[in-house]
Amino acid sequence: MPGLESLDSLEGPTPAPDTARNGDAADRFERVGCACEKAALPRAAASVDRVTNGRLTALDAVASLPSISATGRACVAILVEKDVAVTMRDGVALATDVYRPDAEGQFPVILVRTPYNKNDPFLTNVVMFDPVRAAAAGYVVCVQDCRGRYSSEGKFHPIHQEIDDGYDAVEWCARQPWSTGKVGMAGASYVGATQLLAAIASPPHLVAIAPNITASNYHEGWFYQGGAFELGFTTSWVVNFLAIDTLLKQQPEQIGAIIQAADELDKVFRQLPLKEIEPIKHIDYFQEWLEHASYDDYWSRCNIESHYQNIKAAALNIGGWYDIFLYGTVRNFLGLRSQGGSDAARSSRLLVGPWAHITRSLLWMGNLVGDVNFGIQASSQALDLMGVQLRWFDYWLKGTDNGLDREAPVRLFVTGRNSWLEATDFPPPGAKELRFFLHSGGGANGRTGDGRLSLSEPGDEPADRFVYDPMNPVPTRGGGLCCSDIYLPGGAFDQRDIEDRPDVLVFTSEPLASALEVIGAVKAKLFVATSAPDTDFTAKLVDVYPDGRAINICDGILRLRYRHGADREELAQPGHVYEIEIDLWYAAHVFQPGHRVRLEVSSSNFPRFDRNLNTGRPCATDREAQVAVQHLFHDAARPSALVLTAFPFSG
C-alpha cells in the first residue's frame with residue numbers, strides 16, 4: 001500500500017506477545033471507506049480497545065473548523081496506525097499511534113507523549129491534543145505511551161525518564177518517510193512536561209512546542225511549594241491517574257486498595273506519617289519524592305529553569321490563573337524570552353486564561369472556575385484553543401505567513417474585568433510595585449477583627465497572635481488544585497467560612513474609590529515569630545465584593561525552615577522575629593470600585609499542603625504534632641506588607 005511501511009521495516013524490536021503490536025501489517029492496518037457518520041469519527045480515532053488500523057474520515061464536522069481550509073462536504077481521509085514500536089536508545093520500545101493524512105508526500109509531525117493511556121478517548125482527543133483534527137489539517141500526529149505506561153515497555157520513572165526518551169522520540173519522528181523533518185510537541189500537564197524535558201536535551205529537529213498548564217521546576221511548583229509538600233495534588237494524582245497501571249504491573253494485589261483510596265481521599269490525606277500513607281506507600285516514585293524534600297541534584301537534573309539556554313524550540317506557553325502549575329507557565333515564558341537558546345525560543349509566547357487544572361463544569365478549561373462564571377469568552381472552547389495551537393504550528397512547522405509574528409506575544413484574561421488583554425511583555429509595561437501595609441490593634445483574628453490594609457506605613461502597633469494546631473488545620477477552599485474535583489475542587493470560591501476562624505488573620509482595605517488593576521507578581525513580606533522550631537506561614541489575596549463575598553485570587557506558603565531557599569534547611573529559634581517573603585505567584589485581576597482588597601495570613605492550607613507538625617523533624621516521617629503560637633508584626637520597624645504589581649492607583 002503506498003505510503004505504508006511493512007511491519008518488518010518499522011524501526012523497533014520484534015513485537016512481544018500480549019502487547020498491542022502483535023500481528024502482521026495486514027492485521028494492523030486496513031482501509032475503511034469514507035463514512036458520513038460524524039459521531040463515528042472520534043469513536044474510531046481513540047478506541048479504548050486495541051482496534052484495527054484504518055482510514056478515518058473527517059467531514060465538515062472537522063473540515064469547517066477555523067484552522068482547516070477544506071469547505072463543503074469533501075472528506076478528509078486519515079490513516080491511523082496503532083502501536084508502532086518506537087525504540088529508545090536502551091532498546092525499550094514505546095507504543096505509538098500514528099495519525100496521518102491519506103495523501104502522498106511528507107508532512108510536519110506533532111508528537112504527544114502521555115502517561116495517561118493513549119487509547120483513552122477523553123484524555124487523548126479532548127484534554128491533550130486532538131490528533132484527528134490535526135491530521136485533517138495536514139499534520140502527522142504521533143501519540144505515544146511513555147515508558148512503563150500502558151502499552152509501552154520499561155519501568156515508569158516519572159519526570160526523569162522523559163529527557164532522553166523525549167529526545168529519541170522526536171528524532172524518530174523526524175526520520176520517518178512521511179515526515180518533513182520538522183517536529184512539534186503538544187499536550188497538557190504531564191504531557192506538557194514531556195515537551196519541555198525533551199526540549200532541554202536540544203533534539204535538532206524539534207522546532208516548536210505548546211506546553212499547556214505545566215511546570216518549570218519539578219520541586220518548586222510541582223511536588224513542593226515554598227518547601228511544603230503538595231499533598232493534595234501528589235496524593236490524588238498518584239491515586240487517580242498513575243497508581244493503577246503501576247500496581248497492575250508490579251503489585252496487582254494492591255489494586256482493590258487503590259480503588260478504595262480513590263473513594264476515600266479525605267481519609268487518605270489525614271494519614272501520618274506521609275511515608276506510610278496507604279496504599280500509595282507501595283509506589284516507589286512516591287517515596288522518592290518524599291525523600292527529596294529539599295532541592296538537590298535529584299531535582300536540578302530535570303529543572304527546566306536551569307536549562308533554558310538548551311531549548312531551541314519556540315514555545316507557546318498556555319496556563320490558567322487558578323492552575324496548580326501557573327508558576328511554571330509564567331516562569332517558562334520569562335525564562336525563554338530572556339535565556340532561550342535560539343531566536344525561535346526567544347520568540348516564545350504566553351497565553352493565560354482564568355482556568356483551573358480540572359473544572360467543576362466538566363468542560364476542559366471552561367468559563368466556570370470554582371463558583372465563579374467568568375463569561376463564555378473565557379472558555380477554551382470559545383477561544384478555540386486547539387485552533388490556536390494549530391495556527392502556532394502552521395507558522396513554525398509549515399512556514400505559513402499567518403501574521404503570528406506580527407501579534408503581541410502576551411495574551412491574558414483579566415479576571416474582575418473578565419476580558420482579554422494583549423501585551424508586549426509580562427507584566428505589561430507601566431505596571432509597578434504597590435504596597436498595602438498591614439495594620440491592626442492586635443485583634444486581626446477573623447474577618448470581624450480589626451485588621452486593615454492601607455497605603456500608609458504603620459506606626460507603633462501591637463503584633464497579632466494566633467494559635468496553629470496541626471490537628472485542626474485551616475481547610476483548603478479553592479485555589480490552584482489537582483487532581484480530584486470531588487475532594488479538591490479548584491478555582492475561585494467564597495472564603496468567608498475560612499475567614500471566620502480565629503487562626504486566620506484578616507487584613508482588609510477600605511472600599512476602593514477607583515479600579516485597581518493588578519497584573520504581575522504578588523508577594524507577602526511579613527515579620528513573624530513562632531514558638532516552634534519549624535512551622536508554616538500562608539498568605540491569600542482576596543477580592544471582597546460589596547455584598548460581602550470574599551473571592552480568592554491567589555495564594556502561597558512558606559515552610560519556615562526553608563526561608564533561606566529550597567536547598568537550605570535551617571530551623572527557627574523560638575520567639576525570634578524573622579522577615580519572610582511568601583510568593584503568591586501571579587495574577588491579572590481588577591479590583592473594581594467599591595470592592596476591597598484583603599489579605600489572609602495563617603499557618604495551614606490543608607490538604608492542599610501537608611501539615612507542618614511544628615516539631616522540626618523530617619516531615620515525611622514525623623507523626624507527632626505540637627501546637628505553635630504565631631506572631632505577626634506590623635510596626636514602623638517591621639512593616640509587614642502585601643506587595644502587588646499594579647498600574648498607577650490613587651486609592
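The values are calculated or read from the model by the stated rules, or taken from the named source; none is laboratory data. Just so you know, these numbers come straight off a predicted model, no measurement behind them. Cβ coordinates were reconstructed from backbone atoms using ideal geometry, including for glycine residues, and neighbour counts include every protein chain displayed. With ligands, DNA and RNA removed, areas are computed over all heavy atoms of the protein, side chains included. Shrake-Rupley method; radii C 1.70, N 1.55, O 1.52, S 1.80 Å.
Could you tell me which numbered condition Thr246 fails, if it satisfies all but one of (1) within 17 Å of the chain's Cα centre (by Cα); (2) polar (S, T, N, Q); (3) open to solvent by less than 60 Å² (accessible area, probe 1.4 Å)?
(1)
Give me a count of the residues in segment 438-481 that are over 30 Å from Asp622 (Cβ atoms) and not hydrophobic (A, V, I, L, M, F, W, C).
19
What are the residues in segment 373-432 that are over 23 Å from the mean Cα position of the chain (by Cα), within 23 Å of Pro648 (Cβ to Cβ) and open to solvent by 70 Å² or more (accessible area, probe 1.4 Å), if any?
Of everything in segment 373-432, those that are over 23 Å from the mean Cα position of the chain (by Cα), within 23 Å of Pro648 (Cβ to Cβ) and open to solvent by 70 Å² or more (accessible area, probe 1.4 Å) turn out to be Arg417, Thr424, Pro429, Lys432.
Take the residues in segment 621-634 that are more than 31 Å from the chain's Cα centre (by Cα) and open to solvent by 20 Å² or more (accessible area, probe 1.4 Å); name whichever of them is farthest from Glu600 (Cα to Cα).
The selected residue is Glu624.
From the set of residues in segment 111-132 that are crowded, with 22+ Cβ neighbours inside 10 Å and charged (D, E, K, R), which is nearest to Ala186 (Cα to Cα)?
Only one residue fits best here, namely Arg113.
Do you know which residues across segment 322-360 are part of a loop (DSSP other than H, G, I, E, B) and of a type in the set (Phe, Trp, Tyr)?
The one that is part of a loop (DSSP other than H, G, I, E, B) and of a type in the set (Phe, Trp, Tyr): Phe325.
Restricting to segment 149-172, name every residue that is open to solvent by less than 30 Å² (accessible area, probe 1.4 Å), assigned to a helix (DSSP H, G or I) and either small (Gly, Ala, Ser) or in contact (Cβ under 8 Å) with a residue 40 or more places away in the chain (or both). Reasoning before the result, please.
The initial filter retains those residues of segment 149-172 that are open to solvent by less than 30 Å² (accessible area, probe 1.4 Å), namely 149, 151-152, 156, 158-159, 161-162, 165-166, 168-172.
Next cut, assigned to a helix (DSSP H, G or I) only: 162, 165-166, 168-172.
Passing the criteria: Glu162, Asp165, Gly166, Asp168, Ala169, Val170, Trp172.
Checking Arg175 against (1) open to solvent by 10 Å² or more (accessible area, probe 1.4 Å); (2) within 26 Å of the chain's Cα centre (by Cα); (3) of a type outside the set (A, V, I, L, M): exactly one of these is not met. Which one?
(2)
From the list Thr124, Thr180, which residue is of a type in the set (Ser, Thr, Tyr) and part of a strand (DSSP E or B)? Give the derivation first.
Working: Thr124 fails: part of a strand (DSSP E or B).
Just a single option satisfies the conditions, and that option is Thr180.
Among (1) on the phi > 0 side of the Ramachandran plot; (2) crowded, with 24+ Cβ neighbours inside 10 Å, which single condition is Gly181 missing?
With (1) on the phi > 0 side of the Ramachandran plot; (2) crowded, with 24+ Cβ neighbours inside 10 Å applied to Gly181, the lone miss is (2).
Open to solvent by less than 20 Å² (accessible area, probe 1.4 Å) and among the aliphatic types (A, V, I, L, M): which single residue out of Ala103, Ala95 fits that description?
On inspection, the qualifying residue turns out to be Ala95.
Quick check, is Met365 closer than 29 Å to Val140 by Cβ, among the aliphatic types (A, V, I, L, M), at pLDDT 90 or above and open to solvent by less than 50 Å² (accessible area, probe 1.4 Å)? Please lay out each step first, then the result.
Details: closer than 29 Å to Val140 by Cβ: yes; among the aliphatic types (A, V, I, L, M): yes; at pLDDT 90 or above: no; open to solvent by less than 50 Å² (accessible area, probe 1.4 Å): yes.
Spelling it out, it is not the case that Met365 is closer than 29 Å to Val140 by Cβ, among the aliphatic types (A, V, I, L, M), at pLDDT 90 or above and open to solvent by less than 50 Å² (accessible area, probe 1.4 Å).
Can you spot a residue in segment 133-148 that is open to solvent by 10 Å² or more (accessible area, probe 1.4 Å), within 13 Å of Ala93 (Cα to Cα), not in a helix (DSSP H, G or I) and not acidic (Asp, Glu)? Don't jump to the end; show me each part of the working.
First, pick out the residues of segment 133-148 that are open to solvent by 10 Å² or more (accessible area, probe 1.4 Å): 133, 136-138, 147.
Among the residues that remain, those that are also within 13 Å of Ala93 (Cα to Cα) are: 147.
Right, trim to not in a helix (DSSP H, G or I) and you get 147.
Narrowing the set further to residues that are not acidic (Asp, Glu) leaves 147.
Within segment 133-148, one or more residues are open to solvent by 10 Å² or more (accessible area, probe 1.4 Å), within 13 Å of Ala93 (Cα to Cα), not in a helix (DSSP H, G or I) and not acidic (Asp, Glu).
Spot the failing condition for Glu81; the list is (1) open to solvent by 10 Å² or more (accessible area, probe 1.4 Å); (2) within 18 Å of Val191 (Cβ to Cβ); (3) assigned to a strand (DSSP E or B), and only one is missed.
(2)
Among the helices (runs of 4 or more DSSP H) confined wholly to segment 203-296, which include 3 or more residues that are small (Gly, Ala, Ser)? First the steps, then the outcome.
Details: elements: 231-237, 243-250, 255-263, 265-269, 284-291.
Output list reads 255-263.
Filter segment 457-511 for residues that are of a type in the set (D, E, K, R) and under 20 Å from Lys525 (Cα atoms); which is surrounded by the most Cβ atoms within 10 Å (Cβ to Cβ)? Can you show your working first?
First, pick out the residues of segment 457-511 that are of a type in the set (D, E, K, R): 457, 460-461, 464-465, 469, 477, 485, 494, 496-497, 499-501, 503, 510.
Right, trim to under 20 Å from Lys525 (Cα atoms) and you get 457, 460-461, 464-465, 503.
Values: Glu457: 13, Asp460: 7, Glu461: 19, Asp464: 26, Arg465: 15, Asp503: 17.
Looking at residues that are of a type in the set (D, E, K, R) and under 20 Å from Lys525 (Cα atoms), I get Asp464.
Can we say Ala193 is open to solvent by less than 10 Å² (accessible area, probe 1.4 Å) and free of Cβ contacts under 8 Å to residues at least 60 places away in the same chain? Before the answer, list the steps.
On the way: open to solvent by less than 10 Å² (accessible area, probe 1.4 Å): yes; free of Cβ contacts under 8 Å to residues at least 60 places away in the same chain: yes.
For Ala193, the condition - open to solvent by less than 10 Å² (accessible area, probe 1.4 Å) and free of Cβ contacts under 8 Å to residues at least 60 places away in the same chain - is met.
When you check Leu274 against the structure, is it out of contact with any helix residue (DSSP H, G or I) (no Cβ under 7 Å at 6 or more places or on another chain) and in contact (Cβ under 8 Å) with a residue 60 or more places away in the chain, yes or no? Please lay out each step first, then the result.
Values: out of contact with any helix residue (DSSP H, G or I) (no Cβ under 7 Å at 6 or more places or on another chain): no; in contact (Cβ under 8 Å) with a residue 60 or more places away in the chain: yes.
Considered against the rule, which asks whether it is out of contact with any helix residue (DSSP H, G or I) (no Cβ under 7 Å at 6 or more places or on another chain) and in contact (Cβ under 8 Å) with a residue 60 or more places away in the chain, Leu274 comes out as no.
How many residues are hydroxyl-bearing (Ser, Thr, Tyr) and within 15 Å of Ala641 (Cα to Cα) if we restrict to segment 422-470?
Filtering segment 422-470 for residues hydroxyl-bearing (Ser, Thr, Tyr) gives 424, 440, 448, 454, 456, 468.
Still in the running and within 15 Å of Ala641 (Cα to Cα): 440, 454, 456.
Here the count works out to 3.
Every residue, every condition in (1) in contact with a Gly (Cβ under 7 Å, 6 or more places away or on another chain); (2) over 20 Å from Val191 (Cα atoms); (3) open to solvent by less than 10 Å² (accessible area, probe 1.4 Å); (4) at pLDDT below 95, yes or no:
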position	(1), (2), (3), (4)
Tyr295	no, yes, no, no
Ala314	no, no, yes, no
Ile318	no, no, yes, no
Phe325	yes, no, yes, no
Ser348	yes, no, yes, no
Ala356	yes, no, yes, yes
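May I ask you to list the residues in segment 481-503 that are assigned to a loop (DSSP other than H, G, I, E, B) and within 17 Å of the chain's Cα centre (by Cα)? Reasoning before the result, please.
In the first step, residues of segment 481-503 are kept if they are assigned to a loop (DSSP other than H, G, I, E, B); the result is 481-490, 493, 495, 500-503.
Across segment 481-503, the qualifying residues are Leu481, Cys482, Cys483, Ser484, Asp485, Leu488, Pro489, Gly490.
Give me a count of the residues in segment 560-573 that are among the aliphatic types (A, V, I, L, M), touching a Lys or Arg at 6+ places or on another chain (Cβ under 9 Å) and either open to solvent by less than 20 Å² (accessible area, probe 1.4 Å) or not in a loop (DSSP other than H, G, I, E, B) (or both).
Qualifying residue count for the region: 1.
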